[in-house]
Amino acid sequence: MTRLVMWLLGCLLFAQAVHGHTERVVSLTVTNATGYLLAGDGSIKDPAFNRANIAARAEILFTATNSLSPLTYSYYVEFELLNAANEPVAVFDAKGQSNRVYQLSDSVSLPAGAPPFAVVKQVTRTYDAPLVPVGRLDPLDRYRVHLRLRKRGLLDPKYVEIQAGATDVARTYYHFTNARSGDAAWNVIALLEGAAYQRTYLVRTVPGRDSFEVRASFTLRRYDDFAAAPAASEIPLRFTYEVRDATTGTSVALVRSNQAAPRTLLSHGISLANAPAWPTTLTSTQVLEI
């Protein structure tokens, strides 16, 4: 009896080794790639306006390598969100817990059907992962979705990662974490786009020429009070700066090291045809007297 059981196990192992499945990622995309991630959309049920998560979608082709009896494999389909340093960003998993992966499980049995009837040797399946970062994404970083597949046969003791993975393109995200309309924050993302000297000399005794001038270019994005009509507010913007010796790196004492530059900005864009509003954007420059 023992020899018979061992023989049957050996046959099963041989069958899975010879008559297995192959896997190929047909596509890996983000279906709602707009550059914005808006937590305030969490209450919107219309998938056409889903901006509360990074909607990752993978299509995977499974192929049987034989036309004999079907074999079943179990799979873990795991989605990761990686930053520019190739580090995983914590996301909420399918159970709502903080995790480095969003994991889906599936099983595939191929081939399907039996001779002389049609035998299906291939099947393509679609997997969706709504990736919600646990923390706020950095607008100065770039993020990409990575897909990993792990596989286990009937008699395999554990899941093994396979080569059929994929990585989506890197993207910048402007992440507004305000989930409630009307909170106390301004909900503005400010980015310094560049700076250049406008005047490279100063004359201490000549008024209006007693400072260096640097023109700073910047962009403001705001998504605030999104449940109300858009309203303009003065945003208390402030620039801070320092001057360092080019040789020693020593900081040079300044009369002042910051300058206020308030800007007026709508709380959000105008909603059209009952569609959710978008963040409002302002690109501007400010001359800093240093």
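With q set to 0.14 Å⁻¹, the log10 of I(q)/I(0) for the chain, from the Debye formula over equal scatterers at the Cα positions, is -1.07. Per residue, the range 71-214 exposes 58 Å² of accessible surface when a 1.4 Å probe is rolled over the protein heavy atoms with every protein chain present.
For the pair Ala84 and Ala179, a Förster radius of 25 Å applied to the C-beta separation gives a FRET efficiency near 0.40, rounded to the nearest 0.05.
Comparing Ala166, Ala129, Ala229 in a Gaussian network model of the chain where C-alpha atoms under 10 Å apart are linked, the largest mean-square fluctuation is found at Ala229. Structure remark: mean-square fluctuation, Gaussian network model of the chain, C-alpha springs under 10 Å; the largest value among Pro207, Pro236, Pro262 belongs to Pro207.
Overall, the anisotropy analysis places the range 159-214 in the oblate class: the square-rooted eigenvalues a ≥ b ≥ c of its C-alpha gyration tensor yield a/c not less than 1.5, with a/b not exceeding b/c. Top mean-square fluctuation among Arg24, Arg238, Arg125, Gaussian network model of the chain, C-alpha springs under 10 Å? Maximum among the listed residues: Arg238. For the chain, the mean residue ellipticity at 222 nm estimated from helices alone is -2000 deg cm²/dmol, where every DSSP H run of n ≥ 4 contributes -39500 (n - 2.57) and the total is divided by all residues, rounded to the nearest 500.
Multiplying the residue separation of Ile162 and Val134 by 0.36 nm and removing their Cα-Cα distance gives an extension gain of 7.3 nm. The alpha carbon centroids of the range 172-197 and the range 254-273 are separated by 10 Å. Net charge dipole, the range 127-222: roughly 60 debye, given to the nearest 20, about the Cα centre with Cβ charges of +1 for Lys and Arg and -1 for Asp and Glu. Computed from backbone phi with θ = phi - 60° and the Karplus coefficients 6.51, -1.76 and 1.60, the 3J(HN,Hα) list for the range 255-263 is 4, 8, 10, 8, 8, 6, 8, x, 9 Hz; x is used for glycine and proline. Heavy-atom accessible area, probed at 1.4 angstrom with all protein chains present, ranks Lys121, Lys95, Lys158 as Lys95, Lys158, Lys121, highest first. By accessible area, using a 1.4 Å probe on protein heavy atoms only, the chain has 55% of its surface on carbon and sulfur.
Note on Val123: accessible area is roughly 40 Å² with a 1.4 Å probe, heavy atoms of protein only. For the chain, the longest principal axis of the Cα atoms and the long axis of helix 2-18 meet at an angle of about 50 degrees.
The values are calculated or read from the model by the stated rules, or taken from the named source; none is laboratory data. Given the structure is predicted, the values throughout are model-derived calculations rather than measurements. FYI the Cβ positions are ideal-geometry reconstructions off the backbone, even for glycines, and counts take in every protein chain you see. Note: areas computed on protein heavy atoms with side chains; ligands, DNA, RNA excluded. Shrake-Rupley method; radii C 1.70, N 1.55, O 1.52, S 1.80 Å.
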